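See structure below.
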Amino acid sequence: MKQLLGNFFSRLGRALAPFQSIILISLAAWVTHIVLRVLLLFRSNPYGFPFVSKPDWFIFHAVCLDFMWIVNALVVFLVLGVLASFLVSKIAKSPDSGSLSVVAKVTTVLYAVFHSVILLLTLLDNETQRFLGGHLTFGLVDTYKDTSSIIVFYDYVANDLSVPYLQFVVLALMLPATYGLYRLFRKWYRLRAGDASGNRFYLKKSVIAMVAFYIASYAFVYFIWTGNARMTKLRPVVSLIYNDLFVTQKTGGLTEAELANYRTSYQNLWQKVEGDSLWQFVDSDAGNHLPLYRVPTQALLNSESLKSQREKKPNFILVLMESQRGFNTGFMNPQIQPSPTPFMDSLAAHSHVWLRMHTSGVPTTGGVLSTHIGIPHHSRLAEATDLAHVTLPSFVSVLTENGYSTHYMSAADPAWDNLGVWMAKWYTAQHYNREREDDSTFMDHAIEYVRDTLSKEGKPFLATLMTRSNHYPFNFAAGMTDEQKNRPLQERINVTMNYADRQLARFIRAVENEEWYKNTYVIVMADHGFPLGENGVSTMNGGGFSNVSWIPFFIHGQGLDATLDTTTAAQIDIAPTVLELAGFAVPNIFMGHNLLRGTFQDSVEDSTSAPLPVVVNGLSLGAYSGYSAIGLGGYRFVAKYPSFDEMYLFADGDTRQENELSAARPQDVATLKATLDTLVKISDYSLEKGL
């Protein structure tokens, strides 16, 4: 075996000897990419905040990813070069002629040009991430294709709070430095090689080393230390271009006729679910024909109940519990005993509870963004990164613009999955410290800041708390014993959910006797659930069943009676519901509905038309890593999307989804399939276009 490998690499070395230069170009380009990665990950963004809070969690993956794509490109050029040499030699009928040398030189020049272009695009992509939070894509170029963007970019560079104008210095030195490295490597090879046989020897060693490092990089990135959010953030430019050209399917290309049909269907359904005529769909002021854009009628704006809520200036505490499953929440699933969530159960007993709430996206980015913007997660794109350049207002931006002090507090690093970029758009400030990643220390900070700072600023506030401890593999809770950590996942999650429940209890008990708390709404919900074998699914990418979508949700505060509400609901309903509590009715593109319509109602009717009858009891909509789901008309329909290769139907009240009905109700499947397809297409289109 050793001799066979030796002979193989010897022959490989002889075959590649004429193409030695492109191997050296690859190594030089790789070193330059490492420098660019360091300048991206270890610097602050232009606004003075760290680009990532844990650069040490990113840099090694970046180095490996860059090495792998460079080697892939190297192999492609080598194969093309060798094939071209073979064809030329056959045509010239002289294998010993200078044809091989000519082909090698041409291949080398083309390869050098290729890497020069990619390096320039990589620098531009890095700066795009630093300024806008998303990668350089065709969609972003289309958004900012106006020449005025160039002037704005120059202003950003000049006012970069990291190092002003460093981008221009890197731009000027990057290619010359790469060429200098290439020349240095050539000189080193000549000194080490001495003659042709020695040249092949060191070339062979280099190839062996590259193959070994490639295998090690692949194992490290895809098996040893994985992370989809990190991989998305570190996606190299070649992958971006390839995905934009060949992989990503977008809805932005809808024809006018398709858009008109989808818009009409969506708007009619929305009005039926809402059950009144207090909102009107209109084209936006920009004339973009946005299908979701709606404005409040004068009847709603003049509502005494809305005015009363606005004058109260209530505070809000929104708690997003990581991976909190309805399956393991006591007040939602009494079958589980003892309840892992005794405090949530006790608080829910005095709150308005929605028993059929579903997340509108997974993983965390999907749930959190859907909650804020009132639109389900994009069915195909990595929304947090790919659409970071799009303007999507949230209920938080409305509160901030109307005098609220809004703060996003997270026990997990919001920069990890690019959520920090979005929170910076909407919130007054963000709070994260890698020393406070345990929910206990995180809640200590939240208690202190809310009680001693936010409540004393003299203005209403919103504090959003994102917990972390109840996260796969469900062993993050402080103080877990070895015995608890060794339990099956299905049991271990009860331990971590109970721990998160106790930390929530500590927070509420620390502030509930404060005077300002009487004028505060506490909203408790999850970002998403987690599949643990139910419906044959045990991974986040396995479907939109209730094990991942069914989540706890309740609101506690003045004016809200203890209620067990069976209205079909989803995270897209949070934005309009919170604004109802705050007393604001503003033009928006929320797909969700106000879940409290009627609770604070003062018999408001639009004088122009009679109220619409309520014909459906709510709607839920979500996109889940290759699957989509809708709850409507008493059923919940789950399907692989967009192929519809798999379709499942459950009664909406069958929250544990134990009785599949698709075979028995084909007509309902067909109706919900068409409705789901319409809503997802209009949702994806709206996310890509923004406001």
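Condition check ((1) assigned to a strand (DSSP E or B); (2) over 25 Å from G458 (Cβ atoms)) across all residues:
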{"residue": "L392", "(1), (2)": "no, yes"}
{"residue": "Y408", "(1), (2)": "yes, no"}
{"residue": "D413", "(1), (2)": "no, yes"}
{"residue": "A424", "(1), (2)": "no, no"}
{"residue": "Q430", "(1), (2)": "yes, no"}
{"residue": "S440", "(1), (2)": "no, yes"}
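For the condition of a type in the set (S, T, N, Q), within 28 Å of the chain's Cα centre (by Cα) and at pLDDT below 95, S620 does not qualify. Do you know which of the residues in the range 251-283 that are part of a loop (DSSP other than H, G, I, E, B) and of a type in the set (G, A, S) is surrounded by the fewest Cβ atoms within 10 Å (Cβ to Cβ)? It comes out as G253.
One line per residue, one yes/no per condition, for (1) exposed (fewer than 15 other Cβ atoms within 10 Å of the Cβ); (2) touching a strand residue (DSSP E or B) at 6+ places or on another chain (Cβ under 9 Å):
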| site | (1), (2) |
| --- | --- |
| Y635 | no, yes |
| V638 | no, yes |
| D645 | yes, yes |
| D652 | no, yes |
| A674 | yes, no |
| L679 | no, yes |
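A count restricted to the range 395-422 and to residues that are over 22 Å from F49 (Cα atoms) and in contact (Cβ under 8 Å) with a residue 12 or more places away in the chain stands at 6. Among what's in the range 17-38 and is surrounded by fewer than 21 Cβ atoms within 10 Å (Cβ to Cβ) and within 16 Å of S85 (Cα to Cα), pick the residue that is modelled with the highest pLDDT. The residue in question is S21. Among the listed residues T371, T365, T391, T359, which satisfies the condition of being surrounded by fewer than 23 Cβ atoms within 10 Å (Cβ to Cβ), touching a residue at least 40 places away in the same chain (Cβ under 8 Å) and hydroxyl-bearing (S, T, Y)? Exactly one of T371, T365, T391, T359 is surrounded by fewer than 23 Cβ atoms within 10 Å (Cβ to Cβ), touching a residue at least 40 places away in the same chain (Cβ under 8 Å) and hydroxyl-bearing (S, T, Y), namely T391. Within the range 567-578, the set of residues being surrounded by 23 or more Cβ atoms within 10 Å (Cβ to Cβ) and more than 24 Å from the chain's Cα centre (by Cα) comprises T568 only.
Answer yes or no as to whether S346 is surrounded by fewer than 19 Cβ atoms within 10 Å (Cβ to Cβ), part of a helix (DSSP H, G or I) and assigned by TED's automatic domain parsing to the domain that holds A569. Answer is yes for this residue. Between A388, A384, the distinction of being within 29 Å of P236 (Cβ to Cβ), assigned to a loop (DSSP other than H, G, I, E, B) and among the small types (G, A, S) belongs to A388 only. All of S370, S323 fail the test of being touching a His at 6+ places or on another chain (Cβ under 7 Å), assigned to a loop (DSSP other than H, G, I, E, B) and not basic (K, R), apart from S323.
Conditions (1) part of a helix (DSSP H, G or I); (2) modelled with pLDDT of 90 or more; (3) crowded, with 16+ Cβ neighbours inside 10 Å, marked per residue:
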position	(1), (2), (3)
D160	no, no, yes
Y182	yes, yes, yes
K187	yes, no, no
F201	yes, no, yes
K205	yes, no, no
A219	yes, yes, no
T232	yes, no, yes
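Hey, among the residues in the range 550-566 that are in a loop (DSSP other than H, G, I, E, B) and crowded, with 17+ Cβ neighbours inside 10 Å, which one's farthest from the chain's Cα centre (by Cα)? Residue satisfying both the conditions and the ranking: L560.
When L320, L381, L369 are checked against the criterion of being within 17 Å of the chain's Cα centre (by Cα) and either among the acidic types (D, E) or at pLDDT below 95 (or both), L381 stands alone in meeting it. The residue that is surrounded by the fewest Cβ atoms within 10 Å (Cβ to Cβ), among those in the range 475-505 that are in contact (Cβ under 8 Å) with a residue 24 or more places away in the chain and part of a loop (DSSP other than H, G, I, E, B), is A478.
The values are calculated or read from the model by the stated rules, or taken from the named source; none is laboratory data. Keep in mind that what you see is a predicted model, and the values were worked out from it rather than measured. Every residue, glycine as well, gets a Cβ built from its backbone with ideal geometry; the counts of neighbours run over all protein chains shown.
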